[in-house]
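What follows is a single structure, written as structure tokens, with notes after it.
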Amino acid sequence: MAKYILKRFALMVVTVLIIATLTFFLMNLLPGSPLNEERSTNEAVQQNLEAHFNLDEPLIVQYVLYLKSIATFDFGPSIKQPTETVNSLLSRGFPISAELGIWTILTAVISGIALGVFAALKHNGLIDYIAMTVAVLGISVPNFVLATLLIQELAVNLDIFPAATWSSPAHMVLPILALATGPMAIIARLTRSSMLETLTQDYIKTARAKGLSPVKVIIKHALRNALMPVVTILGTLMAGILTGTFVIEKIFAIPGMGKYFVESINQRDYPVIMGTTVFYSVFLVFMLFLVDIAYGLLDPRIKLHDEGGG
Amino acid sequence: MDKILDIKDLHISFVTYGGEVQAVRGVNLELYRGETLAIVGESGCGKSVTANSIMKLIPSPPGKIKQGSIHFKGKDMTKLSNKEVRKIRGVDISMIFQDPMTALNPTLTIGDQLTEGIKQHRKISAKQANHHAIDMLNLVGIPNPDERMKQYPHQFSGGMRQRIVIAMALICEPELLIADEPTTALDVTIQAQILQLFQKIQRETGVSIILITHDLGIVAKVANRIAVMYAGKVIETGTRQEIFYHPNHPYTQGLLNSVPRLDQKGEKLIPIDGTPPDLFAPPDGCPFTARCPNAMEVCSRIYPFQTELSQTHAVDCWLQDERAKKYIASSL
């Protein structure tokens, strides 16, 4: 187990390094730089600024400096917002994004699994058809379309929830709904099909033959096995939710990390781009790692080490 | 002797898109305390469906008990509510399924799966339940039961798993054990061990056993009485001696002829030609007519009455009917 974690950790470092390197060179391939703007600045000022942000150094030196900033997790000041450092932007934006993300994942996982289980138990019944229609709609409608629809109907027309910003639980409902529906639909469909398969297994019959109640048979014996595929795609879904937050935060004017990420790219604010990218990749890679661990805990047949090791 | 199970005129159908499959068509069976009854027949003859129906374990829909009664210790199982049936399942009647590789939940420990039944039905502490489980593992011959309790099914071999399944079935000391092809998925040496285990358990606990199988070798070893099923009907019942030495139904004779024997060297095996009838539309007459070497005209029209050859031996065949005997005698 310890060996497995160590090995995974090394792989995670390599992954983040590759992402960071790619981002750095792609970013520099973009035409323009953070310092050229429409209004012409004094030549000397320009040179001073470039020197200040190390932009006058050769690319390879900039790259090494940048790797150093990753290692120390200090990305320096923002170029466009001189009063802010990248770290202060991250520490302000991340809690909000994390709040949105966690609620979204919880909503999607709980409602998705519940929907899938009920659909499977009432296989080919009315509940099944309703649940699966909802699921197909949820998968087909992109979250930004759903977001605007929700704002139009529930905020503007019916005035139940506030349309934007992030200050009270009521403000959180629409963004979470918009973001969670897609993943929820995917989880519901997956849970249903995997539950249907599990319910025909022999060990379910064994459990019933023991005289266990239907609830116990379903929750203890069926659900745990049926959730394996769901756990597998959880990593991918989290990546989806993460990128979804960029769009949703923009639509609902939520001051999370997504906002800074999108703005920094538009403004070529190099330190912020690099900082947010590295932060996001570390976060995602770590989440995928957690999913793998969870998988091993759910299914005792999966051993968390390699052949020969232990 | 004390009759523990009495099945009368049982009809079970499965309603599918293609129509209604009449899997069981009027089965009568009796089981006495402490005996082993073997139900034999080829795939699809309704033997498993009959066994599953005793504990109401037939998936419904599509399965349905259309007619008949299953009296277990005087109570008609077909009339009990699901809740009442659950109190009998695992306590008074237990079941062992065919494939030990899939009969255990891969994500739960053996100990958990062994004790959950007894915890559900009896008010006992987790510690007592564990004690019981360890006793059971000892009974079925699993070494180091204390450590084994914490392990998962994938850490056991097929034979070991079947022993665990048997231990699980016996933990509440049931009066009836239904074993649905318990040795089919095992290799021959393990088969023999498991059969010996069955005999040992029956000696020690006095449990009645219904053994469902298509393997006549197993039947010869452990059964007291045998019921031969064909196309959803019991066509011949008798003691082990009666069925093996005096088979009266042509199908039973065919089955016995198709089994290799050690005492008759070089004899060719004689297969039964043809296939069983389609149970979507079962024939009016004897379902074996088309494959029967001695079929008569009446066979294809009217299902034969039961002929009792002895107190324990009964057969559904026109050839054994009094009138047929007279006819055969007069034509000679």
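Can you confirm whether B:K73 is more than 10 Å from chain A (Cβ to nearest Cβ) and at pLDDT below 90? Here the answer is yes, as B:K73 does meet what is asked.
To keep it simple, each residue is scored yes or no on (1) surrounded by 16 or more Cβ atoms within 10 Å (Cβ to Cβ); (2) under 24 Å from B:K221 (Cβ atoms).
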residue	(1), (2)
B:K3	no, no
B:I7	yes, no
B:L31	yes, yes
B:E35	yes, yes
B:C45	yes, yes
B:A51	yes, yes
B:M55	yes, no
B:P59	no, no
B:I65	yes, no
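Where residues in segment B:222-263 are at pLDDT 85 or above and among the charged types (D, E, K, R), which of them is surrounded by the fewest Cβ atoms within 10 Å (Cβ to Cβ)? Checked segment B:222-263; the qualifying residue surrounded by the fewest Cβ atoms within 10 Å (Cβ to Cβ) is B:R240.
Scoring B:R122 on the criteria (1) under 30 Å from B:E30 (Cβ atoms); (2) more than 8 Å from chain A (Cβ to nearest Cβ); (3) within 23 Å of the chain's Cα centre (by Cα) leaves a single failure, condition (3). Taking the criterion of being surrounded by fewer than 16 Cβ atoms within 10 Å (Cβ to Cβ) and hydrophobic (A, V, I, L, M, F, W, C), the residues of segment B:165-212 that qualify are B:V188, B:A192. With the structure loaded, tell me whether A:I130 is more than 14 Å from chain B (Cβ to nearest Cβ), β-branched (V, I, T), over 30 Å from B:V91 (Cα atoms) and out of contact with any helix residue (DSSP H, G or I) (no Cβ under 8 Å at 6 or more places or on another chain) or whether it fails that test. Yes, satisfied. Summed over segment A:201-216, residues that are more than 10 Å from chain B (Cβ to nearest Cβ) and surrounded by 20 or more Cβ atoms within 10 Å (Cβ to Cβ) total 0.
Contact map, segment A:225-253: residues that are in a loop (DSSP other than H, G, I, E, B) paired with residues that are surrounded by fewer than 19 Cβ atoms within 10 Å (Cβ to Cβ), Cβ distance under 6 Å, separation 6+ or inter-chain. Pairs shown: A:F252/A:A164; A:A253/A:A164; A:A253/A:T165. Checking the structure you have, find out if any residue of segment A:106-123 is free of Cβ contacts under 8 Å to residues at least 60 places away in the same chain and within 18 Å of A:M238 (Cα to Cα). Looking through segment A:106-123, at least one residue is free of Cβ contacts under 8 Å to residues at least 60 places away in the same chain and within 18 Å of A:M238 (Cα to Cα). Is it true that some residue in segment A:239-259 is modelled with pLDDT of 80 or more, more than 22 Å from A:T104 (Cβ to Cβ) and over 17 Å from the mean Cα position of the chain (by Cα)? Within segment A:239-259, not a single residue is modelled with pLDDT of 80 or more, more than 22 Å from A:T104 (Cβ to Cβ) and over 17 Å from the mean Cα position of the chain (by Cα). Scanning segment B:77-90 for any residue that is more than 10 Å from chain A (Cβ to nearest Cβ) and touching a strand residue (DSSP E or B) at 6+ places or on another chain (Cβ under 6 Å) turns up at least one such residue. Of the residues screened, A:M228 is not one that is among the hydrophobic types (A, V, I, L, M, F, W, C) and more than 10 Å from every other protein chain (Cβ to nearest Cβ). All of B:F97, B:F198 fail the test of being among the aromatic types (F, W, Y) and facing chain A (nearest Cβ under 9 Å), apart from B:F97.
When A:S33, A:S69 are checked against the criterion of being among the hydroxyl-bearing types (S, T, Y) and assigned to a helix (DSSP H, G or I), A:S69 stands alone in meeting it. A single member of A:T72, A:T85 is within 12 Å of A:D269 (Cα to Cα) and without any contact (Cβ under 8 Å) to a residue 12 or more places away in the chain, and it is A:T85. Which of the residues that make up segment A:228-267 are among the hydroxyl-bearing types (S, T, Y) and surrounded by 19 or more Cβ atoms within 10 Å (Cβ to Cβ)? Hits for segment A:228-267 are A:T245, A:Y260, A:S264.
Among the numbered criteria (1) within 12 Å of another protein chain (Cβ to nearest Cβ); (2) within 30 Å of B:L216 (Cβ to Cβ), which one does B:L139 miss? Checking B:L139 against (1) within 12 Å of another protein chain (Cβ to nearest Cβ); (2) within 30 Å of B:L216 (Cβ to Cβ), the one that fails is (1). Can you say whether A:L29 is of a type outside the set (S, T, Y) and either in contact with a His (Cβ under 7 Å, 6 or more places away or on another chain) or loosely packed, with under 11 Cβ neighbours inside 10 Å (or both), as far as the supplied structure shows? Yes; evaluated as a whole, the condition is true for this residue. So, in segment B:100-113, of the ones that are within 23 Å of the chain's Cα centre (by Cα) and of a type in the set (A, V, I, L, M, F, W, C), which residue ends up farthest from the other protein chains (Cβ to nearest Cβ)? Among residues in segment B:100-113 that are within 23 Å of the chain's Cα centre (by Cα) and of a type in the set (A, V, I, L, M, F, W, C), the one farthest from the other protein chains (Cβ to nearest Cβ) is B:M101. Note on segment A:180-200: among residues that are more than 20 Å from A:Y129 (Cβ to Cβ) and polar (S, T, N, Q), the one that is nearest to the other protein chains (Cβ to nearest Cβ) is A:T200.
The values are calculated or read from the model by the stated rules, or taken from the named source; none is laboratory data. Computed from a predicted model, the values in this text were never measured in an experiment. Note that we place each Cβ from the backbone using ideal geometry, even for glycine, and neighbour counts take in every protein chain shown.
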